[in-house]
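Novice: Below: one structure in structure tokens.
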């Protein structure tokens with residue numbers, strides 16, 4: 001499969017107060033209703049929600065298509081002012097459009113990330129709100145959930161490192177790589193979620209910072225769990241897999 005086919009066909013639909021970027025090969029009729037959980041619920045296609053304030057919804061788009069809908073929400077102190085408004089600086093700089101296009105490129109490179117389906121922004125004065133629709137990956141179990149259930153084999157830790165290393169080899173910087181944004185499959189297949197604020201840049205010291213952030217997350221999510229859930233040996237396997245050992 002060539003890169004253009006792997007990445008999907010980019011199309012743009014404009015509407016009152018906003019616009020929608022979408023993959024015309026899988027969404028043939030652009031309709032902003034696809035960003036509304038109540039639309040899917042009315043069709044009996046809303047499967048479940050996940051995340052704080054129900055920010056992520058899993059929907060059944062068709063018999064063989066399952067999508068994940070995410071509404072962009074702020075964290076930290078800014079969330080006290082507005083939990084989902086961002087300052088408008090242009091359509092191409094919206095969180096949703098930037099992440100959609102980044103995912104499209106990563107899929108073209110064959111990286112283990114979700115395929116982007118559609119993204120939209122809605123203007124609200126000097127601000128905007130945004131949503132992203134992606135194809136669901138083959139597994140939903142996060143690394144956090146996996147570690148809560150049982151220890152992972154050393155091969156899985158190597159696989160995590162190789163996955164991170166494959167991103168870094170392409171200069172892909174994940175802005176918040178943590179145990180909640182990594183999915184673990186039954187065969188130690190690893191996938192990466194949430195590329196909001198991610199970017200492609202020259203390789204450098206930021207790679208160590210990304211790994212350090214992941215390690216802090218692992219220490220946090222395994223606090224209070226049995227000691228065999230995350231050890232120094234496991235971390236060395238991650239570093240070795242990433243080529244950073």
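Every number here is computed from the coordinates shown, using simple stated rules; none is lab data. Source: prediction; values computed, not measured. Note that we place each Cβ from the backbone using ideal geometry, even for glycine, and neighbour counts take in every protein chain shown.
Novice: Starting with the highest mean, order 28-38, 128-138, 197-207, 179-189 by the number of other Cβ atoms within 10 Å, averaged over the residues of each peptide. Write out the running numbers ahead of the final one.
Specialist: On the way: 28-38: 14.6, 128-138: 20.9, 197-207: 12.8, 179-189: 17.5.
Per-residue Cβ counts within 10 Å, averaged per peptide and sorted highest first, yield 128-138, 179-189, 28-38, 197-207.
Novice: Using only the alpha-carbon atoms of region 3-135, report the extent along each of the three principal axes, biggest first, to the nearest angstrom.
Specialist: 40, 32, 30
Novice: What angle, in degrees between 0 and 90 and rounded to the nearest 10, separates the Cα long axis of helix 232-242 from the longest principal axis of the Cα atoms of the chain?
Specialist: That helix lies at roughly 60 degrees to the long axis.
Novice: Ok, one more. Take the Cα coordinates of the chain, assign each an equal point scatterer, and use the Debye formula without solvent to give log10 I(q)/I(0) at q = 0.08, 0.14, 0.15, 0.16 Å⁻¹.
Specialist: -0.32, -0.99, -1.12, -1.26
Novice: Please give the helix 154-169 orientation as an angle from the longest Cα principal axis of the chain, in degrees from 0 to 90, rounded to the nearest 10.
Specialist: Approximately 50 degrees, to the nearest 10.
Novice: Taking the 0 to 90 degree range and rounding to the nearest ten, how far is the long axis of helix 95-108 tilted relative to the main principal axis of the chain, both from C-alpha atoms?
Specialist: 60 degrees
Novice: Report, to two decimal places, the Cα Rg of region 143-242 normalised by 2.2 N^0.38 Å (N = number of residues). Write down the numbers at each step before the final one.
Specialist: Details: Rg = 12.8 Å, N = 100, 2.2 N^0.38 = 12.7 Å.
Relative to the rule-of-thumb radius for its length, region 143-242 sits at 1.01.
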